[in-house]
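Enquirer: Before I ask anything, here is the structure I am working with.
The values are calculated or read from the model by the stated rules, or taken from the named source; none is laboratory data. None of the values given here were measured: they were computed from a predicted structure. So basically every Cβ, Gly included, is an ideal-geometry build from the backbone, and we count neighbours across all protein chains shown.
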Amino acid sequence: MPASPLQYLLLPLAFLVGAIPFGFLAGKRRGIDLRESGSKSIGATNTLRLLGPRAGVTVLVLDTVKGLLPVLAAKALHFEGPWVVAVGLCAVLGHIYSPFVRFKGGKGVATSLGVLIALSPAVAGGSLIVFFLTVWLTRWVSLGSILAAIAQAILFFVLEPNQRAFQIFGLITAAFVVYRHRANIVRLRNGVEPRLTFRKSPQGE
């Protein structure tokens with residue numbers, strides 16, 4: 001079946017929704033540019049470290065929702081699997097390469113989680129377990145994010161064996177998350193990666 005204009009329209013809309021820089025806006029309210037402080041990421045972890053738990057949790061929820069809503073809209077409009085995945089990818093790419101902050105966005109973790117919840121709650125739940133166990137044992141959010149991204153890519157093959165488009169989404173987002181955490185990987189290897197704390201800190205993610 002040929003794609004409808006609505007399908008093509010939802011792709012840039014999903015990108016723009018994903019591009020809303022909630023972390024940047026939270027920092028701006030307090031006179032802090034997250035792109036120039038801490039890890040220089042506008043994601044939830046850098047927000048938490050620089051602005052505190054309330055701001056960090058708020059940005060986490062909002063960044064997750066902006067991945068969730070476009071995919072739910074695509075499913076409500078009865079888009080086929082590949083189109084649903086394309087909408088989700090656009091939201092994630094919008095977050096990572098937000099034109100509203102000169103394409104210096106976040107690392108894609110929370111927005112990818114929102115897409116995951118809409119695509120497969122079971123895969124989302126499994127990856128969250130990996131994330132929380134890793135952070136609980138190590139207090140490294142970056143390591144938890146990396147392992148959770150890899151886990152969700154694997155879980156799609158295990159729990160959604162007939163959803164090739166979902167599996168491709170898992171592989172692509174895992175690659176993006178690992179790539180966006182390359183500086184964290186270097187710090188982890190050198191033993192200087194900051195651990196999670198709920199106190200405001202200049203360290204960043």
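Enquirer: Filter the range 42-81 for residues that are surrounded by 24 or more Cβ atoms within 10 Å (Cβ to Cβ) and farther than 30 Å from ASN162 by Cα and give the result.
Expert: ILE42, GLY43, ALA44, THR45, ASN46, THR47, LEU48, ARG49, LEU50, VAL59 - these are the residues of the range 42-81 that are surrounded by 24 or more Cβ atoms within 10 Å (Cβ to Cβ) and farther than 30 Å from ASN162 by Cα.
Enquirer: Please indicate, with yes or no, whether at least one residue in the range 35-45 is outside any helix (DSSP H, G or I), of a type in the set (Asp, Glu) and free of Cβ contacts under 8 Å to residues at least 12 places away in the same chain.
Expert: Within the range 35-45, none of the residues are outside any helix (DSSP H, G or I), of a type in the set (Asp, Glu) and free of Cβ contacts under 8 Å to residues at least 12 places away in the same chain.
Enquirer: For the range 172-205, how many residues meet the condition of being over 25 Å from ALA86 (Cα atoms) and either outside any helix (DSSP H, G or I) or modelled with pLDDT under 90 (or both)?
Expert: Residues in the range 172-205 being over 25 Å from ALA86 (Cα atoms) and either outside any helix (DSSP H, G or I) or modelled with pLDDT under 90 (or both): 15 in total.
For (1) among the β-branched types (Val, Ile, Thr); (2) in contact (Cβ under 8 Å) with a residue 60 or more places away in the chain; (3) farther than 23 Å from VAL92 by Cα, each residue gets a yes or a no:
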| site | (1), (2), (3) |
| --- | --- |
| VAL135 | yes, yes, no |
| ALA148 | no, no, no |
| ILE154 | yes, no, no |
| GLU160 | no, no, no |
| GLN167 | no, no, no |
| VAL186 | yes, no, yes |
| ARG195 | no, no, yes |
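Enquirer: Which one of these does GLY31 not meet: (1) at pLDDT 90 or above; (2) in a helix (DSSP H, G or I); (3) farther than 18 Å from PHE103 by Cα?
Expert: So the condition that GLY31 fails would be (2).
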